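What follows is a short report on a single structure.
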Amino acid sequence: MKRILVTGALGQIGSELVTKLREEYGASNVIATDIRKIDSEVVESGPFELLDVTDGKLMSEIAKKYEVDTIMHLAALLSAKAESNPFFAWNLNMGGLVNALEVSRELNTQFFTPSSIGAFGPSTPKDQTPQDTIQRPTTMYGVNKVSGELLCDYYYHKFGVDTRGVRFPGLISYVTLPGGGTTDYAVEIYYEAVKRQAYTSYIQEGTYMDMMYMPDALDAIIQLMEADPNKLKHRNAFNVTAMSVAPEHFEEEIKKHIPAFTLSYNVDPIRQAIADSWPNAIDATAAKEEWGFKPKYDLCSMTKDMLSKLS
Ligand code: AKB
């Protein structure tokens with residue numbers, strides 16, 4: 001049986017993951033936690049506890065109270081926000097992760113935490129970025145993500161904790177807006193297209209980044225966590241992606257549904273520099289081969305669904 005503790009449950013991934021996990025494993029078996037409490041389905045539809053992930057003692061108490069056998073640690077500061085307060089980002093992203101890993105070790109639970117395309121840097125091959133390659137990121141978020149991948153591998157090898165992870169690309173969703181990421185424009189563009197038929201992108205035309213629709217991201221997490229451990233050659237963390245796109249490709253697709261839509265540019269040098277340091281397109285072959293990763297949505301089907309849900 002699965003009894004899952006989710007940190008960062010009110011964030012972009014968390015809010016949808018909790019709903020999906022509750023459908024899959026039963027509402028009372030998914031314990032949502034976050035540093036804040038708001039009126040939301042996540043808080044109403046099953047157990048919810050306030051938790052600051054830098055408080056390892058409280059995390060352990062909550063995990064014990066609900067006798068969890070899985071921890072999904074999502075609480076983290078995203079790339080752009082981390083650049084504006086790197087010291088705080090280090091403490092939250094690494095402090096929270098090591099606390100969650102310690103609880104996992106103590107209670108012998110399965111463990112998931114997402115890494116990111118941000119774990120790559122300017123010296124990484126930009127196209128068809130391999131699973132195993134150079135990782136010398138130049139952002140605090142990237143430093144946290146590489147350290148996190150290594151730490152999760154360490155807990156697996158040293159303590160036998162069943163750690164698993166993916167390197168998420170930009171995730172696009174109509175449910176919860178992301179906050180503080182470099183790929184956020186790819187979500188905002190849909191909201192603004194519906195609201196005012198126009199969007200001003202802070203990312204320059206021609207800047208390719210990997211993206212994925214949220215339903216595929218949620219399926220990927222569940223599939224990886226249920227995968228046969230004997231088939232996993234890698235663990236932390238698998239490249240996953242559904243599309244490699246630049247702002248003008250979103251424009252083109254949106255115009256098929258909203259012909260009046262216009263895209264303009266006002267580039268933010270900080271987020272552009274982060275995007276420029278990331279790959280154009282990563283290679284997800286290892287995820288496909290080792291646990292059957294297979295995203296359902298491409299840019300065309302995702303755009304159709306996003307716009308119909310937001311309209
Ligand atoms: C961000 O832009 O920081 C995130 C990510 C790709 O990890 N969406």
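How large is ³J(HN,Hα) for each residue in segment 73-79, as worked out from phi by the Karplus curve 6.51 cos²θ - 1.76 cosθ + 1.60 (θ = phi - 60°), to whole Hz, x for Gly and Pro?
My calculation for segment 73-79 gives 9, 10, 4, 6, 8, 7, 4 Hz in order.
If only Cα atoms are counted, what is the Rg of segment 24-179, and what is its Dmax, in Å?
Final numbers for Rg and Dmax: 16.2, 46 Å.
Between residue 64 and residue 272, what FRET efficiency comes out of the Förster formula 1/(1 + (r/R0)^6) with R0 = 45 Å and r the beta carbon distance, rounded to 0.05?
According to the calculation, E is roughly 0.50.
Quick one: work out Rg over Rh on the C-alpha atoms of segment 140-197, Rh as Kirkwood radius.
1.19
Measure nothing fancy, just the Cα-based angle from helix 185-196's long axis to the longest principal axis of the chain, in degrees from 0 to 90, nearest 10.
Helix 185-196 and the main axis of the chain meet at about 60 degrees.
Just in segment 1-84: which GluC sites (Glu not before Pro) are loop by DSSP and have at most 16 other Cβ atoms within 10 Å?
67
Heavy atoms only, 1.4 Å probe, whole protein assembly: order 152, 300 by accessible area, highest first.
Accessible-area ranking of 152, 300, largest first: 300, 152.
Helix 86-107 against the longest principal axis of the chain: what's the angle in degrees, Cα atoms only, rounded to the nearest 10?
40
Restricting everything to alpha-carbon atoms, can you work out Rg to Rh for segment 199-241 with a Kirkwood hydrodynamic radius?
Computed over Cα atoms, the ratio is 1.16.
Using the Kirkwood formula on the Cα atoms of segment 254-311, what hydrodynamic radius do you get, in angstrom to one decimal?
Kirkwood radius, segment 254-311: 15.0 Å.
Pulled fully out, how much extra length does the chain show between residue 298 and residue 177, if you take 0.36 nm times their separation in residues and subtract their Cα-Cα distance?
41.6 nm is the gain from fully extending residue 298 to residue 177.
With every protein chain kept in place and ligands, DNA and RNA left out, what is the accessible area per residue of segment 139-225? Probe 1.4 Å, answer in Å². If you can, show how the numbers build up before the last one.
Working: 2750 Å² over 87 residues.
Averaged over the residues of segment 139-225, the accessible area is 32 Å².
If you take the Cα atoms of segment 48-96, find Rg, then find the Kirkwood Rh from the mean of 1/r over all pairs, what is Rg/Rh?
Here the Rg-to-Rh quotient is 1.05.
As a test of understanding, state the convex hull volume per residue of segment 9-66 from its alpha carbons, in Å³.
Hull volume normalised by residue count: 71 Å³.
Please calculate how many Å² of accessible area segment 240-303 carries per residue, with a 1.4 Å probe and no DNA, RNA or ligand atoms counted. If you can, show how the numbers build up before the last one.
Working: 2900 Å² over 64 residues.
That works out to 45 Å² for each residue.
Over the chain, one equal point on each Cα, no solvent: what is log10 I(q)/I(0) by the Debye formula at q = 0.13, 0.15 Å⁻¹?
-0.91, -1.23
Once phi is turned into ³J(HN,Hα) by the Karplus curve 6.51 cos²θ - 1.76 cosθ + 1.60 with θ = phi - 60°, what whole-Hz value does each residue of segment 245-262 show in order, with x for glycine and proline?
9, 10, x, 5, 6, 5, 4, 4, 5, 4, 4, 5, 9, 10, x, 7, 4, 10
Using only the alpha carbons of segment 34-118, determine the length spanned along each of the three principal axes and report them from longest to shortest in whole angstroms.
In descending order, the Cα extents are 36, 33, 24 Å.
With +1 assigned to the C-beta of every Lys and Arg and -1 to the C-beta of every Asp and Glu, and no other charges, what is the dipole magnitude of segment 1-109 about the Cα centre in debye, to the nearest 20?
Charge dipole, segment 1-109, about its Cα centre: 160 debye, nearest 20.
What translational diffusion coefficient, in µm²/s and rounded to a whole number, does the Stokes-Einstein relation yield for segment 96-157 at 37 °C and a viscosity of 0.692 mPa s, taking the hydrodynamic radius as the Kirkwood radius over Cα pairs?
D, rounded to a whole number, is 260 µm²/s.
Working from the pairwise distances between different alpha carbons, so that the mean of 1/r is found and then inverted, what is segment 162-311's Kirkwood radius in Å?
Hydrodynamic radius (Kirkwood, Cα only) of segment 162-311 equals 16.1 Å.
To the nearest 10 square angstrom, how much accessible area does residue 57 have with a 1.4 angstrom probe?
150
In square nanometres, what is the average projected area of the Cα convex hull of segment 209-277?
For segment 209-277, the mean projected area of the Cα convex hull comes to 6.8 nm².
Starting from the 7 Å offset along Cα-to-Cβ, what nm value, one decimal, do you get for the label separation of residue 197 and residue 265?
2.4
So, R0 is 45 Å and r is the distance between the beta-carbons of residue 39 and residue 308; what FRET efficiency does that work out to, to 0.05?
Values: r = 26 Å, r/R0 = 0.57.
My answer for the efficiency is 0.95.
Please state the charge dipole magnitude for the chain, taken about the Cα centre, from unit charges on C-beta atoms (+1 on K and R, -1 on D and E), reported in debye and rounded to the nearest 20.
Numbers: 30 positive and 41 negative charges, 50 e Å.
In total the dipole reaches around 240 debye.
Specify the inter-centroid distance of segment 233-281 and segment 128-175, based on alpha-carbon positions, in whole Å.
20
Which entries of 126/158; 20/294; 2/231; 126/288; 81/233 show an alpha-carbon separation above 23 angstrom in the structure shown?
Beyond 23 Å: 126/158; 81/233.
The values are calculated or read from the model by the stated rules, or taken from the named source; none is laboratory data. It should be emphasised that the depicted structure is a prediction, and the values quoted were computed from it without experimental measurement. When we count neighbours, we look across all protein chains shown, and the Cβ atoms used for this are built from the backbone with ideal geometry, even at glycine. Note: areas computed on protein heavy atoms with side chains; ligands, DNA, RNA excluded. Shrake-Rupley method; radii C 1.70, N 1.55, O 1.52, S 1.80 Å.
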